[in-house]
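All remarks here apply to the structure that follows.
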Amino acid sequence: MSTAQHTIGSDFGATSTADDVLRGIDLTGKLALVTGGYSGIGLETTRALTRAGAQVVVPARRRAVAEEALADLDGVEVDELDLADLESVRAFSERFLATGRSLDIVIGSAAVMACPETRVGPGWEAQFATNHLGHFALVNRLWPAIAPGGARVVSVSSRGHHFSGIRWDDLQWEHGYDKWQAYGQAKTANVLFAVHLDRLARDAGVRAFALHPGGILTPLQRHLARAEMVERGWIDADGTPLNPKGFKTPPQGAATQVWAATSPQLDGLGGVYLEDCDIAEPAVEGDERSGVRSWAIDPDLAARLWTLSADLTGVNAFAG
């Protein structure tokens with residue numbers, strides 16, 4: 001399979017911050033939407049975008065928490081959205097579309113990771129439903145606001161996509177559950193979503209990207225016991241991060257998604273997976289430290305997942 005997955009030499013890297021990649025970029029007059037934009041790297045993304053002049057909409061499941069976290073930022077508005085609830089996605093989208101505004105940037109940064117087996121909606125596995133299906137429905141419902149401005153859509157995936165491809169024969173984990181493989185499937189879905197969205201939307205001037213932000217200790221780890229993180233070598237027994245594992249700071253973790261959303265270096269490109277503020281190379285078999293797995297960028301698998309996701313959610317802006 002031929003691929004555009006090759007580095008372009010962006011001059012940024014793992015230690016670059018969101019402010020670094022925005023230096024010299026004026027986002028005045030631009031409107032961004034950032035799911036999860038009030039916590040972890042999502043909050044750093046919101047901060048960086050507003051410092052560059054953008055207005056930012058932050059839809060949040062915990063609206064009061066979001067309003068408190070964002071209280072010191074100008075140019076931010078908060079609304080209610082639960083990505084695990086398709087009715088909530090519909091209601092938020094209708095409220096936004098009623099404002100008549102167009103979006104220039106959409107960043108799907110909200111996620112749940114390695115949670116205990118949880119069912120949402122019609123019995124869907126929570127990580128796949130929240131991380132993928134909720135964002136799929138959101139972008140498709142917001143398409144009338146995304147298309148006019150030639151927006152960039154950024155799907156925040158993870159190196160966790162190495163853990164699993166799409167389990168076509170047991171998508172909802174009805175026969176046994178592994179929290180890390182379920183996370184891996186959801187993160188693979190995030191990449192495949194960007195691959196096919198870019199294919200469908202590029203004629204409208206809309207480009208889509210997926211990415212691994214890096215390893216960052218944020219509230220995303222809320223479902224992990226301290227003992228598990230110690231065992232994985234992420235922290236010591238006192239909860240202190242172990243630097244040899246290469247964790248990024250939140251501003252560094254936000255850099256790749258901000259770069260994806262704004263960099264002129266990506267003009268004319270799309271449908272690729274990024275890491276460390278550059279296009280990633282294809283993964284080497286047996287190496288889970290970097291690169292993108294072939295199962296996450298296969299265009300045929302991306303089209304298959306799109307059709308399946310549209311059937312599950314009942315939403316497809318490109319039908320017909």
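Key figures
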read-out: Residue within segment 44-53 that is under 19 Å from the mean Cα position of the chain (by Cα), on the phi < 0 side of the Ramachandran plot and not in a helix (DSSP H, G or I) present; value: no
read-out: Residue match in segment 235-251 (condition: at pLDDT 65 or above, within 25 Å of residue 66 (Cβ to Cβ) and assigned to a helix (DSSP H, G or I)); value: yes
read-out: Restricting segment 130-164 to residues that are among the hydrophobic types (A, V, I, L, M, F, W, C) and out of contact with any Leu (no Cβ under 8 Å at 6 or more places or on another chain), the residue that is surrounded by the most Cβ atoms within 10 Å (Cβ to Cβ); value: 136
read-out: Neighbours by Cβ (under 8 Å, 6+ apart or cross-chain): first from segment 270-291, in contact (Cβ under 8 Å) with a residue 12 or more places away in the chain and among the polar types (S, T, N, Q); second surrounded by 14 or more Cβ atoms within 10 Å (Cβ to Cβ) and not in a strand (DSSP E or B); value: 290/159; 290/280; 290/281; 290/283
read-out: Residue in segment 210-226 that is farther than 27 Å from residue 17 by Cα, at pLDDT below 90 and surrounded by fewer than 17 Cβ atoms within 10 Å (Cβ to Cβ) present; value: yes
read-out: Residue satisfying condition, being part of a helix (DSSP H, G or I) and on the phi < 0 side of the Ramachandran plot, within set 110, 71, 91; value: 91
read-out: Test: residue 40 is in contact (Cβ under 8 Å) with a residue 24 or more places away in the chain and at positive phi; value: yes
read-out: Residue satisfying all of: in segment 7-61; at pLDDT below 95 and touching a Leu at 6+ places or on another chain (Cβ under 7 Å); farthest from residue 77 (Cα to Cα) among these; value: 40
read-out: Filter result (farther than 19 Å from residue 199 by Cβ, part of a helix (DSSP H, G or I) and modelled with pLDDT of 95 or more) within segment 140-159; value: 141, 144, 145
read-out: Verdict on residue 68 being free of Cβ contacts under 8 Å to residues at least 60 places away in the same chain, surrounded by fewer than 17 Cβ atoms within 10 Å (Cβ to Cβ) and closer than 17 Å to residue 135 by Cα; value: no
read-out: Flag if residue 110 is in contact (Cβ under 8 Å) with a residue 24 or more places away in the chain, touching a helix residue (DSSP H, G or I) at 6+ places or on another chain (Cβ under 6 Å), over 15 Å from residue 305 (Cβ atoms) and among the small types (Gly, Ala, Ser); value: no
read-out: Members of segment 136-161 found to be of a type outside the set (A, V, I, L, M, F, W, C) and either touching a helix residue (DSSP H, G or I) at 6+ places or on another chain (Cβ under 7 Å) or on the phi > 0 side of the Ramachandran plot (or both), listed by number; value: 141, 144, 150, 152, 155, 157, 158, 160, 161
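The values are calculated or read from the model by the stated rules, or taken from the named source; none is laboratory data. Keep in mind it's a predicted model, so treat the numbers as computed, not measured. All Cβ positions, glycine included, derive from the backbone under ideal geometry; neighbour counts span all protein chains shown.
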